[in-house]
Amino acid sequence: MRKSNTFKTLVVLAVFVFAGFSAKAQLTHLEQSIYLNFNIPTAQFNDDVAVNALNGQIPMTRFNAGKDAIFGFGLGYRVSYRFDVGFGEVSPYLHGDFQWNRISGDMRESYMNAGDGSAPNYFNIPIYVGVNYRYQLTDIFTPFAEFGIGPDFFMITKESGSLTVPADAVTGTPEHTYDFKLRYQTTTNVAFQLGLGCYFGQHVSASLHYNGYGKHAIKYKGNDTPTETALALTEASSTQTQTRSVGMLSLRIGFHF
């Protein structure tokens, strides 16, 4: 219910932003943009997961899922209106990104060693309503700043594989192998972006952005049976749901038409 109210509020805000600029300024141009994003994770999204000699901390389980992300890539699309306000241009926009990050190489190798296991991947899909301000210095250089806010959809792909647990002489447990497959359910949260950059001519831009994707809840999905490792961790904690703060710094190359 709370998510629905937040989304409705953002839609109403977008309508007022566009309506306000339409009333106060003259429409000069409808612009569409495509972006290439190169991102570096921040916050808990970038926390290391220690690799040990036994199993490399896999499966990650809900206690480590959403961590250990490394450099990633993304694509973006935007539609905006440019208004000449006399001292530069203001562009209200609607923007969507598709961001992808893998986990570290050491962790991926641990999954490969676990019976050709599948390592989790991370996807962030934010949808922003925002505004861009630009001021043309020359025919070539037009600096700009922008801000956007909206929902971020955070997803974690499944992890799977098999592990061999050595015999335990103390308990008398023999060596055995078990398979694991864990799927995760995550929440949507309010995200924001701040960006500074420059247009080079009319059709190309480069900018740096900070994307704060908020704190996402992570829990097991559906009827998948957690592994014995996950069950042990569950018994050790009464908290069924974990939370992860997700963010990233992005270099964004834009193409405008």
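The values are calculated or read from the model by the stated rules, or taken from the named source; none is laboratory data. Values in this document were obtained by computation on a predicted structure and should not be read as measured data. Reconstructed Cβ throughout: ideal geometry from the backbone, glycine too, with neighbour counts over all protein chains shown.
The set of residues in region 163-196 being surrounded by 14 or more Cβ atoms within 10 Å (Cβ to Cβ) and closer than 24 Å to residue 114 by Cα consists of 163, 165, 180, 181, 182, 183, 184, 185.
Within region 244-257, residues that are free of Cβ contacts under 8 Å to residues at least 24 places away in the same chain reach no partner that is of a type in the set (Phe, Trp, Tyr) and buried (at least 18 other Cβ atoms within 10 Å of the Cβ) with beta carbons closer than 7 Å at six or more positions or on different chains.
Out of the residues in region 101-137 that are at pLDDT below 95 and of a type in the set (Ser, Thr, Tyr), state the one that is nearest to residue 76 (Cα to Cα). This residue is 104.
What do you reckon, is residue 75 surrounded by fewer than 16 Cβ atoms within 10 Å (Cβ to Cβ), under 13 Å from the mean Cα position of the chain (by Cα) and at pLDDT 95 or above? For residue 75, the condition - surrounded by fewer than 16 Cβ atoms within 10 Å (Cβ to Cβ), under 13 Å from the mean Cα position of the chain (by Cα) and at pLDDT 95 or above - is met.
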